[in-house]
1. Return yes or no: is Arg148 surrounded by fewer than 17 Cβ atoms within 10 Å (Cβ to Cβ) and assigned to a helix (DSSP H, G or I)?
2. Restricting the search to segment 29-59, which residues are surrounded by fewer than 21 Cβ atoms within 10 Å (Cβ to Cβ) and in contact with a Pro (Cβ under 7 Å, 6 or more places away or on another chain)?
3. Write out, first by first residue and then by second, each pair whose Cβ atoms fall under 9 Å of each other, whose residues are 6+ apart or on separate chains, and whose first residue, in segment 44-64, is more than 23 Å from Thr88 (Cα to Cα) and part of a strand (DSSP E or B) while the second is modelled with pLDDT under 95 and of a type outside the set (Lys, Arg).
4. Only one residue in Thr79, Thr100 is over 15 Å from Ser37 (Cβ atoms) and at pLDDT below 95, so which one is that?
5. If you check every pair at least six apart or on different chains, which have Cβ atoms under 6 Å apart with a residue in segment 78-97 that is under 11 Å from Met61 (Cα atoms) and outside any loop (DSSP other than H, G, I, E, B) first and a residue that is at pLDDT 80 or above and among the charged types (D, E, K, R) second?
6. For segment 134-150, what are the residues that are of a type in the set (A, V, I, L, M, F, W, C) and in contact with a helix residue (DSSP H, G or I) (Cβ under 8 Å, 6 or more places away or on another chain)?
Amino acid sequence: MRITKLTSAFVLAASLVMTGCVSSGYGNYSNASTFTSSTMADNTVTYLASQFPAGSTTFTMKQPAKDPFGSALVQHLRTRGFAVQEYTKDGKPQSTLTATPGTSLGYVVNTIAPNLFQVTTHVGNMTFSRGFMAATDGKAYPAGPWTREE
């Protein structure tokens with residue numbers, strides 16, 4: 001049991017270190033289910049809400065949020081009181097009501113091992129990462145703390 005926990009911790013730590021070494025662009029590269037993606041997005045928004053004030057923060061998406069994680073992320077951000085400007089290829093806000101650019105927000109979701117995922121968010125000039133384990137109920141549970149890189 002203890003060896004399994006140490007192995008999982010080592011795999012998670014190694015994956016977090018490797019995040020800065022390999023960059024394949026923003027997006028969801030995981031095989032996580034819609035429910036698992038939604039619970040990871042909810043946890044991500046809870047963390048972002050602890051770092052940025054809702055109601056006065058606007059996030060400008062760096063990528064289309066059409067995958068299960070991205071759709072849930074945008075929905076949860078708006079539910080928590082954040083303004084979100086959707087991604088457009090020309091970089092202009094979709095809404096004419098909010099013409100000022102917000103804090104840029106991009107994400108990468110990777111499968112590290114079966115039922116082990118890594119979420120990395122790029123917010124402005126900061127990067128936040130966390131590992132998640134998918135349980136048999138389909139819900140994603142944190143596999144470690146959030147890490148922050150500036």
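The values are calculated or read from the model by the stated rules, or taken from the named source; none is laboratory data. Because the structure is predicted, anything quoted here is derived from the model rather than measured. Positions of Cβ are generated from backbone atoms using ideal geometry, with glycine treated the same way; all protein chains shown enter the neighbour counts.
1. On the way: surrounded by fewer than 17 Cβ atoms within 10 Å (Cβ to Cβ): yes; assigned to a helix (DSSP H, G or I): no.
Criteria not met by Arg148.
2. Thr34, Asn43
3. Every condition considered, no pair remains.
4. Values: Thr79 fails: at pLDDT below 95.
Only one candidate passes the filter, namely Thr100.
5. That search, which allows pairs on different chains as well, returns Val84/Arg78.
6. Correct list: Ala134, Ala140, Ala143, Trp146.
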